[in-house]
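Chemist: Pasting in a structure now, in C-alpha cells, and then I'll have a few things to ask.
Bear in mind these aren't lab numbers, they're just calculated from the coordinates by the rules spelled out. Everything numeric here is computed off the predicted structure, so don't read it as measured data. Cβ placement follows ideal geometry from the backbone for every residue including glycine, while neighbour counts extend to all protein chains displayed.
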Amino acid sequence: MSRRENPIAIIDSGVGGLTVVKELQDLLPKENIIYFGDSKNVPYGSKSQEEIICLTKRMLDFLVVKNVKLVGIGCNTISSVLSFLEPQYDLKLIGAIDPYIVHIAKLPIDKVGLIATPFTVKTNYYNKSLAKLNPNIKIIGEGCPHLATIIDQGNFTKEDIAKETKIPMNNIKEKGAQDTVILACTHYPIIMDYLEELYPATTFINPAHYQALAIRDYLLEQNLLNGSTIDGKIIVYTTGNRKNYRWFLNKLGIKNVESINKVE
Ligand code: DGL
C-alpha cells in the first residue's frame, strides 16, 4: 500500500470530531479515515492542561502505529494546547482552530460571539490567534460547562440544550455579539437544529469545513491525496459506547463505516 492510501486520523474527547469526519468525507470521499473518540474521559473541557495533554498522548500513541498520514485534531479544547504536543510527535497534526481563524480574519465584522468548553474560553486562544492576523475583530467567548457531555451521552432534548445555553447566549447578547456565534466545540454542530430553533436571530458557524479544507491543502501540497477510484472506509475506535457511536454516525450521515471498535 502506498503512503497515499494510508488513513487520515481524526481524534476528539468523544463524538464531536465526527462533525469533522462528515466534512472530510464530503470533501475527500476517497480518503480512508480512522476516528478515535475518548468518550470514557469526556469532558476534556473541564480538565487541567496536564490531563488534556496526557489523555491526548494516549490517543496519538495508539494512532502512530496505525501508519496514519496525518492527524486532524477534531477538538477545539485539544487544539488550544497543540503547541505542547507538536514537538513530541513526528506526525503532522492539524488543529481545529487556526484554519478557521484565517477565514474569520478576512470578514468585515468587528465582533463575533463564540461558545465553547470552559477550557477553550479560558485559554483565549481564538482571540490571541486572531489578534496576530486582524486585531480589529474581537471574539466574545462564553463557556458551556456541561454541553459537550450532555451531547456525548446521546439522549438529550431541546429543553436540555436550552438550559445549558441560556446563560452563555444571554451573556453574548449583552455584549452585543449575538448576530453570529462560532460553535467552537466540535460537539455543538450536532445540535445545530436545536440551536437554530432556540435562537432564530443568530447565525451559528460550524468551523469544521475550514479544517477539512486545511487537511486537503496539506495533502495536496505533500502529494498525499488518495488517488483511489473507490470510496474510502471509516474505522472508529472508542473508549465509550459503540451503540452511541452508531447512532451519531447515522445522524450525521457518515457512510462506509467498516467497524466500530471498543478500546479499553
Ligand atoms: N469536542 C471538544 C471540543 O471541540 C471537547 C468536548 C469536551 O470534551 O469537553 O472542544
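Chemist: If each residue of separation counts as 0.36 nm, what is the full-extension length gain between residue 110 and residue 124 once their alpha-carbon separation is subtracted? Could the numbers behind the result be given before it?
Modeler: Numbers: separation 14, 0.36 × 14 = 5.04 nm, distance 1.70 nm.
Gain in length upon complete extension: 3.3 nm.
Chemist: Pairs of Cα atoms under 8 Å, at least six residues apart: use those to get the relative contact order of the chain, whole percent. Could the numbers behind the result be given before it?
Modeler: Numbers: 484 pairs, mean separation 72.8, N = 264.
It rounds to 28 percent for the chain.
Chemist: At 0.36 nm per residue, minus the direct Cα-Cα distance, what do residue 263 and residue 133 gain on full extension? Give it in nm, one decimal, please.
Modeler: Numbers: separation 130, 0.36 × 130 = 46.80 nm, distance 4.04 nm.
Extra length available between residue 263 and residue 133 comes to 42.8 nm.
Chemist: Also, quick follow-up: Using only the Cα atoms of the stretch 123-264, build the gyration tensor, take square roots of its eigenvalues as a ≥ b ≥ c, and label the shape rounded, prolate or oblate: rounded if a/c is under 1.5, else prolate if a/b is larger than b/c, else oblate. Don't skip to the answer; put the middle values down first.
Modeler: Working: a/c = 2.27, a/b = 1.27, b/c = 1.79.
Since a/c reaches 1.5 but b/c is at least a/b, the shape of the stretch 123-264 is classed as oblate.
Chemist: Follow-up. Using a cut-off of 9 Å between beta-carbons, work out the net charge of the residues near residue 187 (Lys and Arg +1, Asp and Glu -1, residue 187 not included).
Modeler: With Lys, Arg at +1 and Asp, Glu at -1, the neighbours total -2.
Chemist: Let's see if you can work this out: charge +1 on each Lys and Arg Cβ, -1 on each Asp and Glu Cβ, no other charges. What is the dipole magnitude of the chain about its Cα centre, in debye to the nearest 20? Intermediate results must be reported in sequence, preceding the final value.
Modeler: On the way: 30 positive and 28 negative charges, 46 e Å.
I would put it at about 220 debye.
Chemist: Something else now. When a/c reaches 1.5 or more, the comparison of a/b and b/c decides; with that in mind, is the stretch 39-108 rounded, prolate or oblate per its Cα gyration tensor?
Modeler: Verdict is oblate for the stretch 39-108.
Chemist: Follow-up question, since we're still on this one. Taking neighbour Cβ counts within 10 Å as the exposure measure, how do 245, 199 sort from fewest upward? Each step should come with its number before you reach the end.
Modeler: Numbers: 245 24, 199 18.
The most exposed by this proxy come first: 199, 245.
Chemist: Assign one of three labels to the stretch 30-163, namely rounded, prolate or oblate, based on the Cα gyration tensor with a ≥ b ≥ c the square roots of its eigenvalues; rounded applies when a/c is under 1.5, prolate when it is not and a/b is larger than b/c, and oblate otherwise. If you can, show how the numbers build up before the last one.
Modeler: Details: a/c = 1.77, a/b = 1.16, b/c = 1.52.
Oblate, since a/c reaches 1.5 and b/c is not below a/b.
Chemist: In addition: Of the options 115, 125, 136, report the single residue whose Cα projects farthest towards the positive end of the charge dipole of the stretch 6-144 (beta-carbon charges: Lys, Arg +1; Asp, Glu -1).
Modeler: 136
Chemist: Express in whole angstrom the spacing between the alpha-carbon centres of the stretch 185-229 and the stretch 37-89.
Modeler: After rounding, the separation between the Cα centres reads 19 Å.
Chemist: To the nearest 0.05, what FRET efficiency results for residue 179 and residue 51 with a Förster distance of 35 Å applied to their C-beta separation?
Modeler: Values: r = 35 Å, r/R0 = 1.01.
Result of the calculation: an efficiency of 0.50.
Chemist: Mind ordering 249-261, 122-134 by average Cβ neighbours within 10 Å, highest first? Before the final figure, lay out each step's value.
Modeler: Numbers: 249-261: 14.3, 122-134: 16.8.
Answer by packing, highest mean first, reads 122-134, 249-261.
Chemist: Sticking with this one: Between the stretch 154-184 and the stretch 112-151, how many Å separate their Cα centres?
Modeler: The stretch 154-184 and the stretch 112-151 have Cα centres separated by 13 Å.
Chemist: Tell me, what is the FRET efficiency for residue 91 and residue 246 to the nearest 0.05, using R0 = 22 angstrom and their Cβ-Cβ distance as r?
Modeler: With a Förster radius of 22 Å, E is 0.15.
Chemist: When the label point is put 7 Å from the Cα of residue 201 along its Cα-to-beta-carbon vector, which residues of the stretch 81-120 have a backbone N closer than 19 Å?
Modeler: From the stretch 81-120, the list is 110-115.
Chemist: Let me ask something else. What does the charge count around residue 64 come to, taking other residues whose C-beta lies under 13 Å from its C-beta (Lys +1, Arg +1, Asp -1, Glu -1)?
Modeler: Details: positive: 57, 58, 66, 69, 92; negative: 61, 90.
Local net charge: +3.
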